[in-house]
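Q: I have a structure here, written as structure tokens, and I will follow up with some questions on it.
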Amino acid sequence: MTATGDVPPRVRFAPAPSGWLHVGGARTALYNWLWARGRGGAFVLRIEDTDAERATEESMHGMLEALRFLGLDWDEGPDRGGPYGPYRQSERTVLYRGVAAALLEAGLAYDAYETPEELEAQRREQQAKGLPPGYAGGHRNLTQEQREAFLAEGRRPVIRVRTPDEGTIGFHDAIRGPVEFDWKDIPDFVIQRADGSPTYYLAATTDDLAMGMTLIARGEDLLSATPRQLLLYELLLRDGLLDRVLAETGFPQRPEGASVPGFAHLPLLVGEDRKPLSKRHGSVAIDEFRRQGYLPEVLVNFLALCGWSYDGTREKFTPEELTQVFSFERVGRNPAYFDTDKLRAMNGDRIKELSDDELAERLQPYVAESEVVGGSLTPEQQRLLRGFAPLLRERIQTLAEALPLIEWAFRDEVVFDERAVAKHLKGRAGEVLEAAAAALAAVEPWTGEAIMAALDGVAEKLGVGRGKAFQPVRVAVTGGAVSPPLPETLALLDRDVVVSRVTAARARVASPA
């Protein structure tokens, strides 16, 4: 699929802010962003927050931050404005009500007064008769007297659009090709609830037309909504209905030449059990992957591959490269497996590619936000982190995995892991620590190679293996049994600090707490 003529594409990501940005939503945003960026188009962020009971400001800001983390910038949106705003649906209610009223006035929609209880009874009757569920059309042709009677009872109507009784509706999906629906399977649908709020059909369709969207790329779970929206597009464009309401309500007119957008329905993301991805499969929120230390460029690369393929073999792309090669024609129709092991491996490979300075810079927020530091790093702490970078590169697959290995180095005092103490500060550990303190005090120069030689000398002198010599020193200095390579780690610290900690630990072996 390509942009029509010379008109740059306009695409949107329109999340409902009732939770965190799910990886499925992030992939939808990514594909839209790639399509726009690769073709000189506009990527629009629209917030669908008409559900006042579920939408929250916290969720909206969290979604914006997740998109920023991934590097998916937008050209128009709630925080940036734009020529076709506002970009929060809660600020466009007047427009939706105007459109619904215009559809009623034109005889293209009708009031329906059934109560929830009556609709539920209708559903049960259909189920008992083996009929497909759906509105039966009972209030399609009410008389004025019947409407007045319902109003007198205190009933508040919804507004429904009548669907054709027969025939089909088809469209070309950029991923699935030709798609066709039978109208007999699509009942009349609600566009405005009894409280005056718009449904998804009304709000999304109105906005997509008013904002000049050229392609609607979204999850396949919304495929069944498409025939209803296509019908609404037709009604809104009939006799300039939408343009008239836009003018009457003071909203911007549609872009010149804007018409009915195309569609691309993305395959679902599934877990190992091949069921739709959910919390039971582990992390599903972008913010959680950020906390775990996944790099944004890796997430972008990985999400692009969830359903899309360039040539079936190449899997490594930068975001910039993806904008040049992405197309919806190469998105598959089958569910896409979200392989967390593959994501983890890709992240580890990318970490190995980072320079020492880059890795230290990426690690800095995790150290700064830890309980140990709890703020900006001092120049000395930054030096220490930079020194750890080459020692960590081959040992971590996510940034967060670095913290347990190095956080001890940012403490003023040793905090001992009692399991490590019980295992390694016993037996001949006192001898080892006493000899190590003396040997380390004499090391010159204070380098990893010289420290290694000194500790090997302690092991040889005492007739113990390297592990028996190194582990008591590691526990003495770090408090635990796991750290980056010991000699190089000790070389990053001040000699006096190392010797002091080893000496103090010697006393701990002699007099266990």
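The values are calculated or read from the model by the stated rules, or taken from the named source; none is laboratory data. A quick note: this is a predicted structure, and the numbers were derived from the prediction, not measured. Because the Cβ atoms are built from the backbone with ideal geometry, glycine has one as well, and the counts that use them run over all protein chains shown. When the accessible area is computed, the model is the full protein with side chains, heavy atoms only, and any ligands, DNA or RNA have been set aside. Shrake-Rupley method; radii C 1.70, N 1.55, O 1.52, S 1.80 Å.
Q: Would you mind checking the tilt of helix 466-478 against the longest principal axis of the Cα atoms of the chain, expressed as 0 to 90 degrees and rounded to 10?
A: Roughly 60 degrees between the two axes.
Q: Relative to the first principal axis of the alpha-carbon coordinates of the chain, what is the inclination of helix 356-368, with its axis defined by its Cα atoms, in degrees from 0 to 90 and to the nearest 10?
A: So the helix axis and the longest Cα principal axis differ by about 80 degrees.
Q: Further question on the same structure: Before anything else, pin down the relative contact order of the chain: Cα pairs under 8 Å, at least 6 apart, normalised by residue count, whole percent.
A: On the way: 764 pairs, mean separation 64.1, N = 513.
Reported relative contact order: 12 percent.
Q: While we're looking at this one, here's another question. Once the Cα atoms of helix 448-462 and of the chain are each reduced to a long axis, what angle between those two axes, in degrees from 0 to 90 to the nearest 10, is obtained?
A: Around 50 degrees separate the two axes.
Q: Same structure, new question: Which whole-number percent gives the relative contact order of segment 112-238, counting Cα pairs below 8 Å spaced six or more residues apart?
A: 21
Q: What is the diffusion coefficient of the chain in µm²/s, taking the Kirkwood radius over Cα pairs and the Stokes-Einstein relation at 20 °C with a viscosity of 1.002 mPa s?
A: Taking Rh from Cα pairs, D becomes 78 µm²/s.
Q: Using the Cβ atoms and a cut-off under 14 Å, what net charge is assigned to the surroundings of V464, where Lys and Arg are +1 and Asp and Glu are -1? Mind dumping the intermediate values first?
A: Working: positive: K426, R428, K461, R466, K468; negative: E431, E434, D456, E460.
Local charge sum for V464: +1.
Q: If the limit is 30 Å between Cα atoms, which of K352/K423; K275/K342; K352/K461; K426/K461 go over it?
A: Beyond 30 Å between Cα atoms: K352/K423; K352/K461.
Q: Return one quarter of the surface area of the convex hull spanned by the alpha-carbon atoms of segment 312-467, equal to its mean projected area, in nm².
A: It is 14.6 nm².
Q: Using the Cα centre of segment 261-391 as the reference point, and only Cβ charges (+1 on K/R, -1 on D/E), how large is the resulting charge dipole? Debye, rounded to the nearest 20.
A: In total the dipole reaches around 500 debye.
Q: Would you give the gap between the C-alpha center of segment 93-133 and the C-alpha center of segment 395-460, rounded to a whole Å?
A: 73
Q: Please list, by residue number, every one of the GluC sites (Glu not before Pro) in segment 1-93 that is coil in DSSP and has at most 10 other beta-carbon atoms within 10 Å. Don't skip to the end; give the middle numbers.
A: Values: sites: E48, E53, E57, E58, E65, E76, E91; in loops: E48, E53.
When the GluC sites (Glu not before Pro) of segment 1-93 are filtered for loop state and at most 10 Cβ neighbours within 10 Å, E53 remain.
Q: With a sphere of radius 9 Å drawn around the Cβ of G196, what net charge do the other residues whose Cβ falls strictly inside it have (Lys, Arg +1; Asp, Glu -1)?
A: Details: positive: R97, R156, R193; negative: D195.
Residues near G196 contribute +2 overall.
Q: Given a 1.4 angstrom probe, what's the average accessible area per residue across segment 393-498, in square angstrom? Please report the intermediate quantities before stating the final value.
A: Values: 5000 Å² over 106 residues.
Per residue, segment 393-498 has an accessible area of 47 Å².
Q: What accessible area per residue, rounded to a whole number of Å², is obtained for segment 195-305 using a probe radius of 1.4 Å?
A: 36
Q: Could you tell me what percent of the accessible area of the chain is made up of carbon and sulfur, with a 1.4 Å probe and every protein chain present?
A: Values: 12100 of 24220 Å².
For the chain, the apolar C and S fraction of the accessible surface comes to 50 percent.
Q: Related question: Which lysines, on any chain, are close to K184 with Cα under 22 Å apart, when same-chain ones fewer than 8 places away are left out?
A: Within reach: K129.
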